[in-house]
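Colleague: Sharing a structure with you now.
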Amino acid sequence: MNVLAVDWTDPGVLGYPVVFGGVLFGSVVPVVPTGAVVGAAAAVAVTTADELSLVLVVLAAVAGALVGDLVTFTAAKAGSAAVLRWVARGQPPERLESVRTQFVARGALLVVVGRLVPAGRIPVLLAAGTLGYPWRRLLPAALLGCVLWTLAYAMLGVVSGGLFDSPLVAGLVAAVLVFVVAGISALVSRRKVGG
């Protein structure tokens, strides 16, 4: 196959690598709004079913999210002493022991919920890595969290794709819906923590 002969404007050619790469990059370096990437891609898939497959968009997003989470966990695990000092700064030793106890009792649940709660994934993965959470328990929990997370954001894209015929408009609406849902979730989380 001649790489130069590929139509680089075709969503079917670029779409899946962009979804995978965008979600992976945003999972490691949380500057890319990964939920918006998934929502917009799902909206485009729904409005252009002949160019992008919703199932493949979801699989690419799950794969990108999972690889990103595993990279974050591995980095925390590899740099445990330095990361632990950074995470634990200002925390009394009793608090760190409490977190360690929580991971022993319900680490899988923390990993899944950490993936679903805005700004919860990185602290949970850092804590899991630095506290020596085992891979055999992390992998299934991380996979479940990534699947649930992807499906939630893909649903926002499916809804906007069902409302608008234009892939561009559907993608933009999906991205806006993602930001609104994330904002509301963050406000609810702050109120629960503060209240």
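The values are calculated or read from the model by the stated rules, or taken from the named source; none is laboratory data. Please read these numbers as outputs of a predicted model, since none were measured by experiment. Here the Cβ is made from the backbone with ideal geometry for all residues, glycine too, and neighbour counts use every protein chain on show.
Colleague: Could you please find all residues in the stretch 154-173 being modelled with pLDDT of 85 or more and out of contact with any Leu (no Cβ under 9 Å at 6 or more places or on another chain)?
Modeller: Correct list: Met155 only.
Colleague: Further, regarding this structure: Being modelled with pLDDT under 75 and among the hydrophobic types (A, V, I, L, M, F, W, C) is the filter here; which residues of the stretch 75-109 pass it?
Modeller: Ala81, Ala82, Val83, Leu84, Trp86, Val87, Ala88, Leu96, Val99
Colleague: Could I ask something else about it? Of all the residues that make up the stretch 110-138, how many are surrounded by fewer than 16 Cβ atoms within 10 Å (Cβ to Cβ), at pLDDT 90 or above and among the hydrophobic types (A, V, I, L, M, F, W, C)?
Modeller: 1
Colleague: Is there a residue in the stretch 92-99 that is within 30 Å of Ala42 (Cα to Cα) and out of contact with any Leu (no Cβ under 9 Å at 6 or more places or on another chain)?
Modeller: For the stretch 92-99, residues within 30 Å of Ala42 (Cα to Cα) and out of contact with any Leu (no Cβ under 9 Å at 6 or more places or on another chain): absent.
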